[in-house]
Amino acid sequence: MSLRLSLHTKPEVPLEADVICPDKLNGVNEAAIAALTVFHGNDQTALGDFFTVKGQCDGEIHLEGDLAHVKHLGSEMTTGKMIVEGDVGQHLGACMSGGEIIVEGNAHDWVAPEMRGGRVTIKGNAGHLVGSGYRGSPIGMQGGEIIVHGSVRNETGHAMRGGLIAVGGNTGDFTGVNMLAGTIIVLGEMGIRNGASMKRGTILSMHDAPMIPTFSYACTYNPTYLRLYLSYIRNLGLEVSDAQINGNYKRWIGDAIELNKGEILLYANQ
């Protein structure tokens with residue numbers, strides 16, 4: 001039996017609910033789950049003051065309602081599955097290392113910051129700092145996958161050190177800033193200053209993008225490994241054409257003020 005949490009009272013201020021996580025709720029009965037502590041702003045309250053609890057968690061949690069003001073869902077998740085039937089607030093899947101989170105709506109800022117494993121799928125749009133490191137941290141996403149079907153905002157993959165971020169729509173500015181490793185695929189358009197201070201890793205866009213002066217054009221080619229990535233994300237539901245899978249890409253290398261071993265690939269057959 002899966003656990004279903006239905007929002008019955010909308011929070012007036014952000015509700016910190018990191019207790020909503022399969023690791024913490026497996027085998028716990030309804031009454032005990034409803035009595036768990038959450039923070040409504042500065043006030044300590046019970047989960048049942050906002051959610052109706054039905055069922056028991058067997059590794060899977062379903063959440064329903066407008067959760068745009070509910071933060072930290074799935075924090076430090078290592079296993080199981082969470083399905084959010086609506087929008088969700090900040091810090092979804094923070095520091096998660098396993099399991100799967102699916103959001104049927106939109107997500108706020110900081111989707112899966114400092115993620116180490118697992119998969120997060122956002123069917124709508126997401127905010128700033130998807131898969132990024134927290135402010136002051138040199139380490140962002142280290143592993144796992146973030147799949148966003150819509151668009152995202154600024155600093156996607158900030159300080160990224162591994163894993164995959166795939167965006168079906170557009171990204172804002174500073175995509176892959178301070179990136180050390182990993183792959184970011186953008187099927188739409190990117191903003192400005194992409195790859196600033198990146199050391200290694202790959203950023204790909206299906207549209208031309210403004211390049212900062214510390215990147216230099218290398219060649220136009222058809223990378224074999226990219227076919228595997230693009231076929232993989234198409235199987236996950238993103239719209240990738242055969243022409244894009246088999247097409248040529250303009251390769252830019254940088255950032256020259258760092259190791260100059262990163263790459264930005266721009267689809268050449270537009």
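No lab work stands behind these numbers, since they all come straight from the coordinates. Nothing here was measured: the structure is a model prediction, and the numbers come from that model. As a convention, Cβ positions derive from the backbone with ideal geometry for all residues, glycine included, and neighbour counts pool all protein chains shown.
This model, with +1 at the C-beta of Lys and Arg and -1 at the C-beta of Asp and Glu, gives the chain a dipole about its Cα centre of some 920 debye. Looking at region 1-145, the DSSP beta bridges with both ends there are about 30 percent antiparallel.
Can you put Asp18, Asp58, Asp43 in order of Cβ neighbours within 10 angstrom, beginning with the fewest? Let's see the in-between values first.
Values: Asp18 17, Asp58 14, Asp43 10.
Taking fewest neighbouring Cβ atoms as first place, the list is Asp43, Asp58, Asp18.
Run the dipole for region 176-251 about the Cα centre, Lys and Arg Cβ at +1, Asp and Glu Cβ at -1, nothing else charged, and hand back the magnitude in debye, nearest 20.
320 debye
Axis of helix 224-235 versus longest Cα principal axis of the chain: the two differ by about 30°, to the nearest ten degrees.
Along the axis of the charge dipole computed for region 109-267 (Cβ charges of +1 for Lys and Arg, -1 for Asp and Glu, origin at the Cα centre), the listed residues Pro210, Val152, Ala166 are led at the positive end by Ala166.
In this label model, His207 and Asn42 are separated by 4.4 nm, measuring between points 7 Å along each Cα→Cβ vector.
Between Val28, Val70, Val19, the residue with the greatest mean-square fluctuation in the GNM of the chain (Cα pairs under 10 Å linked by springs) is Val28. Net charge within 13 Å of Met179 by Cβ-Cβ distance, Lys/Arg positive one each and Asp/Glu negative one each, not counting Met179 itself? Spelling it out: positives minus negatives among the neighbours equals +1.
For Ile102, nonlocal amide neighbours, meaning residues 5 or more places apart or on other chains whose placed amide H falls under 5 Å from its own, are Met82, Ile83, Val84, Thr121. Panel order for Met160, Met206, Met211, by other beta carbons found within 10 Å of each beta carbon, from fewest to most: Met211, Met206, Met160.
If you take every DSSP beta bridge whose two residues both sit in region 64-145, what share of them, in percent to the nearest 5, is antiparallel? Spell out each step's value before the answer.
Numbers: 0 of 13 bridges.
Counting DSSP beta bridges with both partners in region 64-145, the antiparallel share is about 0 percent.
Pop the C-beta distance of Thr224 and Glu85 into the FRET formula with R0 = 41 Å and round what comes out to the nearest 0.05. Numbers along the way, then the final one.
Numbers: r = 39 Å, r/R0 = 0.96.
Given R0 = 41 Å and the Cβ-Cβ separation, E is 0.55.
Order these peptides, 79-91, 232-244, by their mean beta-carbon neighbour count within 10 angstrom, highest first. Working shown, then result.
On the way: 79-91: 21.3, 232-244: 14.4.
In descending order of packing, they fall as 79-91, 232-244.
Putting +1 on Lys and Arg Cβ atoms and -1 on Asp and Glu Cβ atoms, find which of Met82, His72, His40 reaches farthest to the positive end of the dipole of region 1-102. Sorting the options by dipole projection puts first Met82.
How big is the C-alpha Rg of region 109-267 next to the rule-of-thumb value 2.2 N^0.38 Å, as a ratio?
Values: Rg = 13.9 Å, N = 159, 2.2 N^0.38 = 15.1 Å.
Relative to the 2.2 N^0.38 Å estimate, region 109-267 comes out at 0.92.
Pairs over the 28 Å Cα-Cα cut-off, from the set Lys71/Lys261; Lys81/Lys199; Lys199/Lys250; Lys54/Lys123; Lys24/Lys123; Lys71/Lys250: Lys71/Lys261; Lys81/Lys199; Lys71/Lys250. Under the simplified labelling scheme, the Ser2-Asn29 pair shows an inter-label distance of 2.4 nm, with each label point 7 Å from Cα along Cα→Cβ. Only one item in [x] 47, 21, 15; [y] 29, 23, 20; [z] 37, 18, 15 matches semi-axes √(5λ) of the Cα gyration tensor in Å derived from the coordinates shown, and that item is [z].
In region 109-267, what percentage of the DSSP-assigned beta bridges are antiparallel, given to the nearest 5?
Details: 11 of 32 bridges.
Roughly 35 percent of the beta bridges in region 109-267 run antiparallel, per DSSP.
Over 12 Å apart: what share of the alpha carbon pairs of region 80-123 falls there, rounded to a whole percent? Summing the P(r) of region 80-123 above 12 Å gives 52 percent of all pairs.
Which translational diffusion coefficient, to the nearest whole µm²/s, is obtained for region 180-270 from the Stokes-Einstein equation, given a Kirkwood hydrodynamic radius over C-alpha pairs, 4 °C and 1.567 mPa s?
On the way: Rh = 13.2 Å.
Roughly 98 µm²/s, to the nearest whole number.
The base-10 log of I(q)/I(0) for region 83-164, evaluated at q = 0.11, 0.20, 0.21 Å⁻¹, reads -0.21, -0.73, -0.81 [Debye formula, identical scatterers on Cα atoms, solvent excluded]. For region 173-205, the residues whose backbone nitrogen is under 17 Å from a point 7 Å from the Cα of Leu259, taken along Cα to Cβ, are 176-184, 195-203.
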